[in-house]
1. Please find, within the stretch 153-188, the residue that is farthest from Arg323 (Cα to Cα) out of those that are among the acidic types (Asp, Glu) and part of a loop (DSSP other than H, G, I, E, B).
2. Restrict the check to the stretch 84-105 and report whether at least one residue is exposed (fewer than 15 other Cβ atoms within 10 Å of the Cβ) and over 23 Å from Arg172 (Cα atoms).
3. For the stretch 380-409, what are the residues that are among the aliphatic types (A, V, I, L, M) and in contact with a helix residue (DSSP H, G or I) (Cβ under 9 Å, 6 or more places away or on another chain)?
4. Answer yes if at least one residue in the stretch 276-286 is without any contact (Cβ under 8 Å) to a residue 40 or more places away in the chain and either charged (D, E, K, R) or over 16 Å from Phe217 (Cβ atoms) (or both), and no otherwise.
5. Between a residue in the stretch 23-39 that is part of a loop (DSSP other than H, G, I, E, B) and any residue that is basic (Lys, Arg), which pairs come within a Cβ distance under 7 Å, given they are 6 or more apart or on different chains?
6. Going by what's in this entry, would Gly49 be described as surrounded by fewer than 16 Cβ atoms within 10 Å (Cβ to Cβ) and either in a strand (DSSP E or B) or at pLDDT 95 or above (or both)?
7. Of (1) surrounded by 14 or more Cβ atoms within 10 Å (Cβ to Cβ); (2) farther than 28 Å from Arg137 by Cα, Ser116 satisfies all except one. Which?
8. Which members of the stretch 71-81 meet the condition of being surrounded by fewer than 24 Cβ atoms within 10 Å (Cβ to Cβ) and not in a loop (DSSP other than H, G, I, E, B)?
Amino acid sequence: MNNSIEKLEDIRTLMALFESPGSLDGGGVTRLAYSPEEDEMHDIFRDWGERQGFIAYTDAVGNSFLENDAATAAAEEGEPCILIGSHLDSVIRGGRYDGVAGVVSGMACLKWLKDSGRDIPLRVAAFRCEESAGFGRSTLGSGLITGVIDGDDIADFRNPDGRTLAGIFEERGLDLHPQKIDGVSAYFELHIEQGKVLETVGKEVGIVEAIAGPRRFRIVIDGQADHSGATPMEMRSDALCAAAEMILAVEKIGQAESRFRSVATVGIVKCGPNVMNVIPGWVELGVDTRGINTISIDRMEQRIRISAENIAQERGVEITMARQYEDPPCEMSPHLMDELEQAARAVGATSQRMVSGAGHDALSFAEIVPTAMLFIPCRAGISHNIAEYTTDEAICTGASVLLNTISHH
């Protein structure tokens, strides 16, 4: 697809606005949830909107919104508007496009509607704490306002500085029990794919059919910490060796379920006492399972639990496994998928339907309104990494598909 010079320049200008906050030497950014860096990103978002003549506001959990006059008028008449959203936080040492590309595409749609004089009610959202890097739980901003997340369940979650979410909310005058968002007829989200499918098949946009639901666990292995020199090999109860077997078991289980598009990952390993001359006596593992098939997710959990029991018995350790949280997998709106596909054809963009293995704010909104997601390619599928990259042209193409979709919705 050939993007106009004017639209492409708008995308470049918008992306440049968000370049500075949380920037790291050597590339990449760190913008954790409810941090000064994330705050600055939201300030930039709202300031731009006000300069453009849009209404900017913040809700009870710190999410930021921009809306055009048509959306305001629609609300006064009790009519809903279209919502485009994504997030502005990042993982530690993350990339510049995860979340930001989606927010920028919504901002561009607001501007392009205004420039063309079209009165289509549109609201754009920048959600807080989409990444689990902040508090160990993802999509907090969107989850709280859609009622998908109960504030009581996350009040004691802590950030890397040890501060609780409840304490931060109290300090900022925010509310863990906000009023549920309303006045939305449909939710759209653009995002980099975070995978290699679009780049591999040479398609410009991906139309998401379903989003995988995560189910996460904390596994604790208790062995016996002993002197590494004085304890014979046959007399050991090594928690880390048991953890090694658990890690490989999780990988094998994920591989077995991959035919159902399920995955399983051990992403956290904590070892104690973590001393060179002491046999590890304690290990904690963080396990992330995901899939679009609930039966497959259930089967992975059952097999991991059985593996834990077997490894504990064979190695003489104690293994406990607790489910931390889960989001059910969800399908996107068939009607909105069709609209995105038609819009892609109308603007001359090639498309392909696909599944999202990563979670997004769209998971929250799919519970309450018709929801759709649009993917754009990212180089080599790399994300959550300073090497994350997509082109301004790709963002512009995706934003143009969104604009055409909401113009005919």
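1. The selected residue is Asp182.
2. Checking the stretch 84-105: not a single residue is exposed (fewer than 15 other Cβ atoms within 10 Å of the Cβ) and over 23 Å from Arg172 (Cα atoms).
3. Taking the stretch 380-409 as the starting set, the residues that turn out to be among the aliphatic types (A, V, I, L, M) are 380, 382, 386-387, 394-395, 399, 401-403, 406.
Within the stretch 380-409, Ala380, Ala387, Ala394, Ile395, Ala399, Val401, Leu402, Leu403, Ile406 qualify.
4. In the first step, residues of the stretch 276-286 are kept if they are without any contact (Cβ under 8 Å) to a residue 40 or more places away in the chain; the result is none.
No, the stretch 276-286 contains no residue that is without any contact (Cβ under 8 Å) to a residue 40 or more places away in the chain and either charged (D, E, K, R) or over 16 Å from Phe217 (Cβ atoms) (or both).
5. Matching pairs, first to second residue: Leu24/Arg93; Gly28/Arg93; Thr30/Arg93; Ala33/Arg128; Tyr34/Arg128.
6. Criteria not met by Gly49.
7. Only one criterion in (1) surrounded by 14 or more Cβ atoms within 10 Å (Cβ to Cβ); (2) farther than 28 Å from Arg137 by Cα is unmet by Ser116, namely (1).
8. Residues satisfying the conditions are Thr72, Ala73, Ala74, Ala75, Glu76, Cys81.
The values are calculated or read from the model by the stated rules, or taken from the named source; none is laboratory data. Here the structure is a predicted model, which is why all the values come from computation and not from measurement. In this analysis, Cβ positions are derived from the backbone assuming ideal geometry, glycine residues included, and neighbour counts consider all displayed protein chains.
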